[in-house]
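Have a look at the structure below, then the notes.
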Amino acid sequence: MEQDGKETFFTRERGFYRTLFRMMLVLALQNLVAYSINMADNIMLGSYDQNALSGAATVNQIFFMVQQFALSIGNALVVLASQYWGEKRTEPIRKLTGIALWAGIFCGIIIVVLCAVMPEQLLRLFTDTPEILNEGMRYLDLLKWTFAMYIITNVLMAALRSAGTVNISFYISLVSLIVNVGINYTLIFGRFGFPEMGVAGAAVGTFAARVLELAIVVVYIAFFDRKLNLFSRGLFKADRQLGKDYVKVATPIILSQVLWGVSVPMQTAILGHLSENAIAANSVATTFYQYLKVIVIAMSSTSAVMIGNAIGRGDMKRIRSDARTLAVIDVLIGLILGGALLLLRIPLLSMYNLTADTKVLADHLIIVMSFVMVGMSYQMPVSFGIMQGAGDTKFTMAMNMISTWLIVMPLSFAAAFWWKWPVEAVVIAIQSDQIFKGIPTFIRFRSYKWVNKLTK
């Protein structure tokens with residue numbers, strides 16, 4: 001913030017911190033609830049039948065890629081729309097939302113068609129076991145119709161988020177959790193007089209939750225949103241210039257997100273070829289890690305909106321002080337989360353019935369992940385929140401692709417299969433991108449070349 005025409009290192013305006021922590025808290029709760037939906041599905045299917053759980057897990061590999069498209073299309077919208085909101089111009093936001101919706105619908109239709117035409121071929125990418133394939137086919141038969149709905153819902157919520165409207169996202173996720181868990185419990189196990197459907201019952205629960213999510217956000221925008229009025233005139237009005245702007249911003253984000261998404265199951269497969277203990281220990285360690293990671297993801301989303309709004313207002317000194325403040329808060333959050341993971345690992349591990357060797361390995365992996373958490377808590381909100389949110393999409397794409405495909409993946413394969421490193425060292429290799437991304441992120445951040453005025 002400026003005081004008497006001078007630039008301060010940190011922002012001193014109280015409203016900045018109120019907005020930051022309110023938005024971050026709501027988005028963290030939303031992410032936590034969304035993650036809990038998957039956990040609830042796994043727990044119920046796991047207690048019902050192992051093949052049902054494995055079949056749903058193979059389908060969720062496809063859904064994971066759907067998530068990457070949904071996130072990248074929505075994040076590209078936030079980059080542009082948040083700057084227009086900083087200028088208090090809503091008509092371009094409506095047009096950009098329409099463009100993002102068309103992109104989401106197009107991607108959704110392609111994915112649904114592929115799942116309808118060649119479902120078995122897609123699932124065979126992840127398993128050849130006939131029993132698991134059969135369960136996966138039953139799950140995918142209904143779930144594929146939710147993919148386009150999920151993308152559309154996320155695009156609409158991204159548009160609202162660009163204007164600081166985030167509470168509705170949490171309520172949608174909470175209602176979705178209650179509906180999904182309730183229907184799953186009823187139909188998976190055949191409770192309250194309903195038929196026992198197994199994995200097909202889980203698909204019905206997820207389908208109902210996705211329909212409800214889309215219905216709630218559409219009703220909210222149509223009747224309660226007073227900021228953007230997205231469904232008024234101009235939502236699908238053609239605008240070549242805005243279309244070019246969106247494609248320019250979205251292309252690097254989509255490439256980066258999707259190619260990173262492809263690497264995730266490959267990294268899991270590396271550990272899967274080491275030992276049974278490694279699979280179980282890594283599953284336990286990453287569960288705790290993912291629960292805390294929702295806070296970092298929320299910080300990234302919040303940073304993108306706040307920096308975009310600041311650029312839209314056009315105060316360069318305020319942009320720099322806001323960014324520095326956010327970066328320091330990122331480090332502090334990382335230290336707190338890493339410390340919490342380190343201190344709570346013993347009581348958390350006591351909840352699991354693991355062999356002695358697996359428990360020791362899980363303990364070591366949680367220690368590794370607690371240090372990874374600190375690095376990730378800095379580089380993700382700074383690179384994919386502040387800098388990508390400011391329109392510096394090509395840098396984040398190049399950094400992500402180089403670190404993932406030229407450094408981390410070759411290093412991980414070599415560590416696991418060539419050098420035969422211990423499991424702990426292989427996990428360090430897999431997570432080493434937090435180091436490789438952190439250094440260029442810090443250098444780029446200090447240059448302030450990431451600030452891009454994208455509005456026309």
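For this structure, a couple of remarks:
- Checking each residue of region 223-242 against the condition of being open to solvent by 40 Å² or more (accessible area, probe 1.4 Å) and within 25 Å of the chain's Cα centre (by Cα) gives no match.
- For region 89-106, taking the residues that are in contact (Cβ under 8 Å) with a residue 24 or more places away in the chain and surrounded by fewer than 19 Cβ atoms within 10 Å (Cβ to Cβ), the one that is nearest to Pro265 (Cα to Cα) is identified as Ile105.
- Annotation: of all residues in region 283-296 being of a type in the set (A, V, I, L, M), at pLDDT 85 or above and closer than 15 Å to Val372 by Cβ, the one that is least open to solvent (accessible area, probe 1.4 Å) is Val296.
- Residues in region 350-372 include at least one that is of a type in the set (Phe, Trp, Tyr), part of a helix (DSSP H, G or I) and either touching a Phe, Trp or Tyr at 6+ places or on another chain (Cβ under 6 Å) or more than 30 Å from Gln83 (Cα to Cα) (or both).
- Residue in region 168-175 that is assigned to a loop (DSSP other than H, G, I, E, B), at pLDDT 90 or above and open to solvent by less than 30 Å² (accessible area, probe 1.4 Å) present: no
Table: residues versus (1) buried (at least 24 other Cβ atoms within 10 Å of the Cβ); (2) within 21 Å of Arg22 (Cβ to Cβ).
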| site | (1), (2) |
| --- | --- |
| Arg313 | no, yes |
| Asp322 | yes, yes |
| Tyr352 | no, no |
| Val360 | no, no |
| Met387 | yes, no |
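- Boolean, Phe395 is out of contact with any strand residue (DSSP E or B) (no Cβ under 8 Å at 6 or more places or on another chain), open to solvent by 50 Å² or more (accessible area, probe 1.4 Å) and either assigned to a helix (DSSP H, G or I) or under 30 Å from Val451 (Cα atoms) (or both): no
- Yes/no for Phe126 being more than 13 Å from Leu156 (Cα to Cα), open to solvent by 40 Å² or more (accessible area, probe 1.4 Å), among the aromatic types (Phe, Trp, Tyr) and not in a loop (DSSP other than H, G, I, E, B): no
- Flag: Asn38 matches the condition of being surrounded by fewer than 17 Cβ atoms within 10 Å (Cβ to Cβ), polar (S, T, N, Q), within 21 Å of Cys115 (Cα to Cα) and touching a helix residue (DSSP H, G or I) at 6+ places or on another chain (Cβ under 9 Å).
- Residue within region 201-221 that is modelled with pLDDT of 90 or more, in contact with a Phe, Trp or Tyr (Cβ under 9 Å, 6 or more places away or on another chain) and in a loop (DSSP other than H, G, I, E, B) present: no
- Among the candidates Leu337, Leu342, residue that is open to solvent by less than 40 Å² (accessible area, probe 1.4 Å) and without any contact (Cβ under 8 Å) to a residue 60 or more places away in the chain: Leu337
- Scanning region 150-167 for residues that are more than 24 Å from Ile109 (Cα to Cα), among the polar types (S, T, N, Q) and open to solvent by less than 30 Å² (accessible area, probe 1.4 Å) gives Ser162, Thr165.
- Total residues in region 230-262, condition polar (S, T, N, Q) and at pLDDT below 85: 1
- The residues listed here are Ser350, Ser370, Ser447; of these, the one that is touching a helix residue (DSSP H, G or I) at 6+ places or on another chain (Cβ under 7 Å) and of a type outside the set (A, V, I, L, M, F, W, C) is Ser370.
- Tally, over region 319-334, of residues that are under 21 Å from the mean Cα position of the chain (by Cα) and not β-branched (Val, Ile, Thr): 4
- Just so you know, in region 6-21 the residues that are part of a helix (DSSP H, G or I) and without any contact (Cβ under 8 Å) to a residue 60 or more places away in the chain include one that is nearest to Val199 (Cα to Cα), and it is Phe21.
- Cross-chain or 6+ apart pairs with Cβ under 9 Å, region 184-212 first and free of Cβ contacts under 8 Å to residues at least 12 places away in the same chain and open to solvent by less than 40 Å² (accessible area, probe 1.4 Å), then part of a helix (DSSP H, G or I) and not β-branched (Val, Ile, Thr): Gly190/Gly201
- Pairs meeting the criteria (first residue in region 285-310 and of a type in the set (A, V, I, L, M, F, W, C), second residue open to solvent by 10 Å² or more (accessible area, probe 1.4 Å) and outside any helix (DSSP H, G or I), beta carbons under 9 Å, at least 6 apart or on different chains) are Val305/Gly164; Met306/Gly164; Ile307/Val451.
The values are calculated or read from the model by the stated rules, or taken from the named source; none is laboratory data. Small disclaimer: the values here were computed from a predicted structure and weren't measured. Cβ coordinates were reconstructed from backbone atoms using ideal geometry, including for glycine residues, and neighbour counts include every protein chain displayed. Surface accessibility is based on the protein's heavy atoms, side chains included, excluding ligands, DNA and RNA. Shrake-Rupley method; radii C 1.70, N 1.55, O 1.52, S 1.80 Å.
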